Amino acid sequence: MTVEATSHQSGAEASKARRVRGAKVITTLKEMRLTVERWRRNGKTVALVPTMGALHEGHLSLIREARKSCDRVIVSLFVNPLQFGAGEDFGEYPRDFKRDHRLLTAEKADALFAPAAEELYPEGFDTRVVVGDRLTQTLCGLSRPTHFIGVATVVTKLISLTRPHQVYFGQKDFQQTLVARRLVADLNLGCEVMVLPTVRETDGLAKSTRNVYLSQEERLAAPGIYQALKLAEGMLQVGERNPQDLIEAVRKRLRNETAIEIEYIAAKNAETLEDLNILTGNVLVAVAVRLGRVRLIDNVVVSVPAGS
Ligand code: AMP
């Protein structure tokens with residue numbers, strides 16, 4: 001794949017931001033490496049929060065937690081072309097560098113790392129990080145077969161560049177958190193993977209950059225996603241152990257919303273993503289739906305004690 005597209009910001013905008021006051025903007029790999037080296041030499045602990053920008057409360061919750069645990073917080077803003085498939089929304093993915101910079105300044109992020117695509121993927125770049133099929137060719141990987149290769153590749157690069165003690169992810173992208181844990185362990189990247197709860201709108205809809213694309217009608221239907229997941233959680237809590245029955249109940253609830261088109265509904269082992277014959281242990285109930293041209297995902301994880 002050629003990576004000719006630009007990443008998060010236009011280079012000009014990032015250069016301009018470097019000259020204004022606020023969170024320190026770093027666009028080159030060299031400066032990022034030197035900055036972290038200096039921090040580490042001075043005994044500081046470092047957190048990395050990888051994002052694609054267009055920040056919302058979900059992202060900010062990760063940054064605030066990172067702030068509590070580590071001395072220095074790096075927030076990367078990079079719309080990663082490698083994780084978008086052909087025909088997906090890479091070109092129209094929301095980008096608002098100025099607003100993100102303002103928010104990160106308010107959150108007192110120590111560095112905003114916003115490399116251009118050519119900086120991370122220079123001419124000749126030809127390596128991919130591939131996590132095994134068990135975690136990547138199921139759920140979202142079925143409709144986005146190369147997505148997790150792009151995610152794993154960029155996460156590996158960002159971690160090796162910033163050498164964080166901790167790296168932060170949101171539960172909303174649950175499969176991504178498992179992919180990140182796997183590669184950090186398998187490639188001995190030496191950082192702790194932190195996963196934080198999904199931040200929601202008051203009506204339950206998971207905050208997502210893509211929510212801004214929803215029409216009024218779609219926005220009204222969208223809370224049905226979380227209501228269906230809460231229904232599944234309730235069923236598990238009162239003893240439902242049959243995956244087909246659980247999935248059917250979620251499907252029925254989602255079908256109440258005519259604007260929602262179901263991509264998948266799954267109940268799986270939350271550590272391995274294996275199918276379960278009996279719903280027990282840590283059960284992941286995950287859905288992906290389409291509302292018009294917008295694809296949304298959400299999930300709950302329910303702990304079901306064995307024999308209960
Ligand atoms: P993105 O910019 O969409 O790639 O997301 C960057 C990080 O923010 C990922 O680890 C996401 O899982 C996390 N994130 C996105 N939405 C939410 C949310 N509603 N609550 C918590 N974390 C989130």
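The values are calculated or read from the model by the stated rules, or taken from the named source; none is laboratory data. Bear in mind that the values here come from a model prediction, so they are computed numbers and not experimental data. Here the Cβ is made from the backbone with ideal geometry for all residues, glycine too, and neighbour counts use every protein chain on show. What goes into the accessible areas is simple: the full protein's heavy atoms, side chains included, and nothing from ligands, DNA or RNA. Shrake-Rupley method; radii C 1.70, N 1.55, O 1.52, S 1.80 Å.
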The equivalent-ellipsoid semi-axes of region 94-239, taken as the square roots of five times the Cα gyration tensor eigenvalues and listed largest first in whole Å, are 29, 22, 17
Read phi for every residue in region 173-184 and hand back ³J(HN,Hα) as whole Hz from Karplus 6.51 cos²θ - 1.76 cosθ + 1.60, θ = phi - 60°, with x for Gly and Pro.
9, 4, 4, 4, 5, 5, 4, 5, 4, 4, 6, 4
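Once Rh for the chain is found with the Kirkwood sum over Cα pairs, what is the Stokes-Einstein diffusion coefficient at 20 °C and 1.002 mPa s, in µm²/s?
Numbers: Rh = 20.3 Å.
It comes out at roughly 106 µm²/s.
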If you take the beta carbon distance between ASN256 and ASP96 as r and set R0 to 25 Å, what does 1/(1 + (r/R0)^6) give as a FRET efficiency, to the nearest 0.05?
0.15
Quick calc, region 13-196, dipole around Cα centre from Cβ unit charges on Lys, Arg (+) and Asp, Glu (-), nearest 20 debye, gives 880
Toward the positive end of the charge dipole of the chain, about the Cα centre and with charges on Cβ (Lys, Arg +1; Asp, Glu -1), which of CYS191, THR177, MET52 goes farthest?
CYS191
Considering the chain as a Gaussian network with a 10 Å cut-off on Cα pairs, which listed residue, GLU257, GLU88, GLU218, attains the greatest mean-square fluctuation?
GLU88
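Can you tell me how region 264-307 classifies by the Cα gyration tensor, rounded, prolate or oblate, using a/c under 1.5 as the rounded cut? Don't skip to the end; give the middle numbers.
Numbers: a/c = 3.41, a/b = 2.75, b/c = 1.24.
It is prolate, given that a/c is not under 1.5 and a/b is the larger ratio.
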Which number gives the lysine pairs in the chain that have C-alpha atoms under 12 Å apart and are eight or more places apart or on different chains?
5
Label point 7 Å beyond Cα of THR28 along Cβ direction - residues of region 113-136 with amide nitrogen under 18 Å
113-123
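Please calculate how many Å² of accessible area the chain carries per residue, with a 1.4 Å probe and no DNA, RNA or ligand atoms counted. Could you put the intermediate results ahead of the total?
Values: 14300 Å² over 308 residues.
Per-residue value: 46 Å².
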About its Cα centre, the chain carries a charge dipole, from +1 on Lys and Arg Cβ atoms and -1 on Asp and Glu Cβ atoms, whose size in debye to the nearest 20 is 1240
Debye log10 I(q)/I(0) for region 209-304, one point scatterer per Cα, at q = 0.10, 0.14, 0.21, 0.26 Å⁻¹
-0.26, -0.49, -0.96, -1.30
Which residue fluctuates the most in the chain, going by a Gaussian network model with Cα springs under 10 Å, if the choices are PRO81, PRO223, PRO115?
PRO223
What's the extension gain from GLU118 to ARG134 if we count 0.36 nm per residue and subtract their Cα-Cα distance?
2.6 nm
For region 49-127 and region 152-202, what is the separation of their C-alpha centers, rounded to whole Å?
13
Set the Förster radius R0 to 45 Å, insert the Cβ-Cβ distance between LEU187 and SER215 as r into 1/(1 + (r/R0)^6), and round the FRET efficiency to 0.05.
0.60
Extension gain ASN277-GLU37, at 0.36 nm per residue separation less the Cα-Cα distance, in nm?
81.5 nm
What is the gain in length, in nm to one decimal, between ARG21 and GLN227 on full extension, counting 0.36 nm per residue of separation less the C-alpha to C-alpha distance?
69.8 nm
Region 209-304, relative contact order [Cα under 8 Å, separation at least 6], %
30
One-quarter of the Cα convex hull surface for region 13-196, in nm²?
10.3
Using DSSP to define loop residues, name the trypsin sites (Lys or Arg not before Pro) in region 87-188 whose beta-carbon has at most 13 other beta-carbon atoms within 10 Å.
LYS108, ARG128
Tilt, helix 97-106 to longest principal axis of the chain (alpha-carbon atoms), in degrees rounded to tens, equals 90
Taking springs between alpha-carbon atoms closer than 10 angstrom, which of HIS56, HIS165, HIS101 fluctuates most in the Gaussian network model of the chain?
HIS56
